[in-house]
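I have placed the structure first, in the form of structure tokens, so that the comments after it can refer back to it.
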Amino acid sequence: KEGANELHSEVNELNQKWKDFLKSAENLKEQQEKINNKLGAFRTDLENIIKWLKEMDVKVKDQPMRSNVETKETQLKTLISLQKIIEGKGKEIGDVAKKASEVDGDSELSVQVSQMMHKYEKVKKNIRDVINKYNSFVKEHRGFNEQYTGFIDWIQAVTDDLSGFGEIVGDLKILQERRNNIEELEELRTNESIKYDTIIEQGEKLYSHTSPDGKDFIRQQLQELRKKWDHLTEEIQNNATKIDICLQQFSDFTTSQEQLTKWLKDIEKHMQQHTELKPSLQEKKAQL
């Protein structure tokens, strides 16, 4: 009977140990499942961010050329909005990097986290660089438009003034004043030639960051500017020549008039000498 009791006690002890073992195994299984679930969720988050970074990288780099300053300004605003989205992702990426230390991952996972952080910093730098570049594009194009419009208006104003200076009148003093005015316009045009060359260079510089249809429009603008500039140069020269011819004609007329007056005075003097009364017959005969 004592042997049976002892055996029964040992069976109960083994049975309890087995139950304890099963319970420990179950707890271990639950813990492992939690770890696996946590690791799985972490991998999913990591993969999603890596995919998002690739998409952002493509968006940042894919910047087609625009045709005019308005579309370039719109593109700049789009890039600034994209930068805010990228910067706003920082907390989520930081949280994922922090979780990497909380999960029992392998070395490959650590490398992926490191690459993720490096890629994120690179994307942030790229978007800053692109924004700075597009900001320069907008300023260059806007500056050209303002300079171009102002210079075209200046050419038109000078042309309008020139049309008045080129009118022919019969007043020598007015002609001389107009010749002086034309000379002043020519000097002004010469001084503005540097600005003209600068605007041409500004326009040609826009080609590198402007779409094909935008380049064609800029070429038309520069062609129109050259045409107006050449026309102004020709008009100044033509009007100067026209006034010079009139002044020369005045000079020739004045010279001829002076010569005629002198000739008439000489004739009058000669006639007076031959019509004076002489006191002697001999002098009268000498008159004949």
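The values are calculated or read from the model by the stated rules, or taken from the named source; none is laboratory data. Every value quoted in this text rests on a predicted model; they were computed, and no experiment measured them. Note that each Cβ is placed from the backbone with ideal geometry, even for glycine, and that neighbours are counted across all protein chains shown. Note: areas computed on protein heavy atoms with side chains; ligands, DNA, RNA excluded. Shrake-Rupley method; radii C 1.70, N 1.55, O 1.52, S 1.80 Å.
The table below gives the values:
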item	result
Summed side-chain charge close to T71 - residues other than T71 whose Cβ falls under 13 Å, Lys, Arg +1, Asp, Glu -1	+1
Accessible area in the full protein assembly, largest first, 1.4 Å probe, for W154, W229, W18	W18, W154, W229
Contour minus Cα-Cα distance for E13 and T198 (0.36 nm per residue)	56.5 nm
Environment charge of E121, counting only residues whose C-beta is closer than 14 Å and scoring Lys/Arg +1, Asp/Glu -1	+3
Fully extended contour minus Cα-Cα distance, from R226 to W154, at 0.36 nm per residue	24.5 nm
Under the Debye formula (equal points on every Cα, no solvent term), log10 I(q)/I(0) of the range 44-170 at q = 0.13 Å⁻¹	-0.68
At R0 = 45 Å, FRET efficiency that the Cβ-Cβ distance of D244 and E70 yields, to 0.05	0.40
Rounded to the nearest 10 Å², the accessible area of D160 at probe 1.4 Å	90 Å²
Spin-label model distance (nm) - K122 vs E26, 7 Å beyond Cα toward Cβ	5.0 nm
Solvent exposure ordering (accessible area, 1.4 Å, most first) of Y196, Y207	Y207, Y196
Å² of accessible area per residue within the range 170-250, as computed with a 1.4 Å probe and no ligands counted	61 Å²
Gain upon complete extension [E92, D213; 0.36 nm per residue less C-alpha separation]	39.4 nm
Accessible surface of L22 - all protein chains present, 1.4 Å probe, nearest 10 Å²	80 Å²
Long-range HN-HN contacts of S211 with modeled amide H, under 5 Å	R66, S67
E146-L82 FRET efficiency (beta carbon distance; Förster radius 35 Å; 0.05 resolution)	0.80
